[in-house]
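Have a look at the structure below, then the notes.
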């Protein structure tokens with residue numbers, strides 16, 4: 001039963017994470033390959049604040065603001081770049097942020113990580129047990145889903161999709177594409193931060209090793225597999241992939257296999273990404289209007 | 001003073017290696033018009049393949065092991081083009097880039113599966129270097145400089161003194177026009193991958209000689225190579241050379257001011273600075 005609850009908590013956290021990337025990549029067409037950075041900022045901010053006895057509600061808000069702010073900072077120089085350059089710039093940002101977590105030992109305790117992160121308390125209600133935490137993540141997943149759905153269906157969403165299809169045309173229509181892309185990254189970063197907060201208070205221990213490229217690849221794969229540019233795609237992708245990943249963990253495989261199993265699983269993810277791109281780039285769910 | 005001189009020397013050394021990475025990356029960019037995210041993995045596999053052929057079943061000496069290492073890296077480069085990039089040539093960029101990232105991830109973990117995540121070296125004993133103008137240098141480091149010079153001369157001869165090099169430059173200027181004039185584009189693209197992979201392999205080996213081997217070495221050097229090609233002007237082979245040397249110097253001199261833990265982030269910092277100060281550099285080569 002605990003396994004089942006754990007599975008669903010992870011699926012919901014990754015759904016939020018994937019939905020945030022989907023806004024940037026699926027709808028706006030931005031190649032954010034360092035999305036884990038914002039997940040990490042959210043996670044570390046909230047963890048550090050609550051460890052210093054700051055109430056969760058406040059830490060939560062600060063963490064989201066911090067993620068959005070860093071998204072804003074990163075997007076100013078890097079969104080001047082054409083697609084692939086933005087990809088490398090974000091990739092680099094992700095790697096550097098990990099270096100910061102690792103090197104600023106006075107703040108983050110470096111590679112040792114932060115243990116004992118408290119469970120969240122909201123309105124003097126403590127989300128300590130698995131079912132309670134599941135309710136919290138589920139609730140926030142629904143909130144994220146609805147907010148992003150409103151954004152996507154609003155004029156803003158249409159503009160973002162327009163930028164993806166043809167930036168020049170949008171600019172000719174008098175839209176400042178640069179500003180809209182910044183908005184997309186900031187909103188995406190805030191929700192990535194939200195996923196980070198939920199994750200950090202769930203595992204209660206974080207270290208720089210949790211925020212590597214592998215996580216970015218996983219969430220990228222979730223979005224691509226589920227169907228980028230669709231409302232339900234990220235949820236679907238998260239369900240399939242997290243189910244696969246987390247159930248491997250509970251198969252009780254001999255520990256000495258671990259050395260081979262982890263890279264093998266990552267190879268499968270990499271291979272799946274290549275396979276999908278060649279044979280089914282639209283993923284499981286196809287975006288409306290793309291069915292040609 | 002001698003410390004600064006030594007830092008400059010080390011910077012030039014690292015710069016030589018980054019230049020090799022950047023030249024290969026920019027060549028593929030020029031001809032195929034996309035950033036090969038898996039270039040770092042060619043670097044890493046090149047270095048590991050040498051390790052393989054010098055290691056257990058083979059025990060080749062360095063100079064012999066170089067040949068199969070180079071050969072297999074080139075095959076890897078050609079293979080990724082043939083299996084993945086070729087079918088995707090006409091799709092949109094996002095698809096192409098995600099696929100490239102997928103290859104990168106696949107190959108990186110492939111190396112980790114075989115060799116594990118730990119640091120490795122080629123196991124040469126460290127020889128005492130000699131001193132010249134207060135700078136100490138080892139035989140390995142001399143070899144790095146000579147090998148880089150050799151590669152640069154070969155690239156120059158291939159690009160500017162051979163028919164295929166001329167074809168390559170033509171294809172990168174205008175693919176359609178080159179086709180019309182009877183240039184075999186497929187052959188040219190293949191040739192580009194061969195040079196790019198060979199440069200990555202040599203660079204990776206030199207880097208591993210100077211430092212060590214590790215599956216993560218590809219990704220971080222991809223970012224550096226990219227910063228180098230941005231500095232030098234995208235698609236410009238000689239610009240990439242200077243960009244690489246500049247990054248190497250900046251990295252090693254930065255250690256005088258900031259913690260060594262951040263050495264690898266200098267390239268990224270320079271990239272951001274460049275974009276903030278001179279975004280026009282990039283707009284020039286946008287299409």
Report task. Can you tell me how much longer the chain between residue B:260 and residue B:149 gets when fully stretched, taken as 0.36 nm per residue apart minus their C-alpha distance, in nm with one decimal? Result -> 37.1 nm
Report summary line: Listed with the fewest Cβ neighbours within 10 Å leading, B:104, B:265, A:154 appear as A:154, B:265, B:104
Report summary line: Whole-number value, in Å³ per residue, for the convex hull of the alpha carbons of the protein assembly as shown is 163 Å³
Query - Between 0 and 90°, nearest 10: helix B:163-173 axis offset from chain B longest Cα axis - result: 70 degrees
Requested in this report: Quickly estimate the mean residue ellipticity at 222 nm for chain A, helices only: each DSSP H run with n ≥ 4 gives -39500 (n - 2.57), and the total goes over all residues, rounded to 500.
Outcome: -23500 deg cm²/dmol
Query raised in the report: How crowded by other chains is B:218-231, given as the mean number of beta carbons from other chains within 10 Å of each beta carbon?
Result: 3
Query raised in the report: Which whole-number percent is the relative contact order of chain B (Cα, under 8 Å, 6+ apart)?
Result: 38 percent
Query raised in the report: What's the angle, to the nearest 10 degrees (0 to 90), between helix A:258-279's Cα axis and the longest principal axis of chain A?
Result: 20 degrees
Query raised in the report: Percent relative contact order of segment B:185-265, based on C-alpha pairs within less than 8 angstrom and at least six residues apart?
Result: 16 percent
**Report entry** Prolate/oblate/rounded call for segment A:120-235, Cα gyration tensor, a/c under 1.5 rounded
**Finding:** prolate
Query raised in the report: Label points 7 Å out from Cα along the Cβ direction at residue B:176 and residue A:247: separation in nm?
Result: 5.1 nm
Query raised in the report: residue A:147 to residue A:105: FRET efficiency via 1/(1 + (r/R0)^6), r the Cβ-Cβ distance, R0 41 Å, to the nearest 0.05?
Result: 0.65
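With the Cα gyration tensor of chain A in hand, give its eigenvalues times 5 under a square root as the equivalent ellipsoid semi-axes, listed largest first in whole angstrom.
29, 23, 19
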Query raised in the report: Among B:199, B:273, A:235, which comes first, then next, by fewest other beta-carbon atoms within 10 Å?
Result: B:273, A:235, B:199
Report task. List A:236, A:112 from most exposed to least, where exposure is judged by having the fewest other Cβ atoms within 10 Å. Result -> A:112, A:236
Requested in this report: Using only the Cα atoms of segment B:98-213, build the gyration tensor, take square roots of its eigenvalues as a ≥ b ≥ c, and label the shape rounded, prolate or oblate: rounded if a/c is under 1.5, else prolate if a/b is larger than b/c, else oblate.
Outcome: oblate
Query raised in the report: Across the residues of A:203-214, average count of Cβ atoms on other protein chains within 10 Å?
Result: 1
Query raised in the report: Using a simple spin-label model with points 7 Å from Cα along the Cα→Cβ vector, what separation in nm is obtained for residue B:158 and residue A:61?
Result: 6.0 nm
Query raised in the report: How crowded by other chains is B:107-113, given as the mean number of beta carbons from other chains within 10 Å of each beta carbon?
Result: 6
Query raised in the report: By how many degrees, between 0 and 90 and to the nearest 10, does the Cα long axis of helix B:62-80 differ from the longest principal axis of chain B?
Result: 30 degrees
Query raised in the report: What nm distance separates the two modelled labels at residue B:130 and residue A:2, each placed 7 Å from Cα along Cα→Cβ?
Result: 6.7 nm
Report task. Quick one: grab the alpha carbon gyration tensor of segment B:131-287, order the square roots of its eigenvalues as a ≥ b ≥ c, and give me rounded if a/c is under 1.5, else prolate or oblate depending on whether a/b is larger than b/c. Result -> oblate
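Read the figures in this text as sums done on the coordinates, not as results from a lab. Predicted, not measured: the structure shown is a model, and the values here were computed from it. Backbone-built Cβ (ideal geometry, glycine too); neighbour counts: all protein chains shown.
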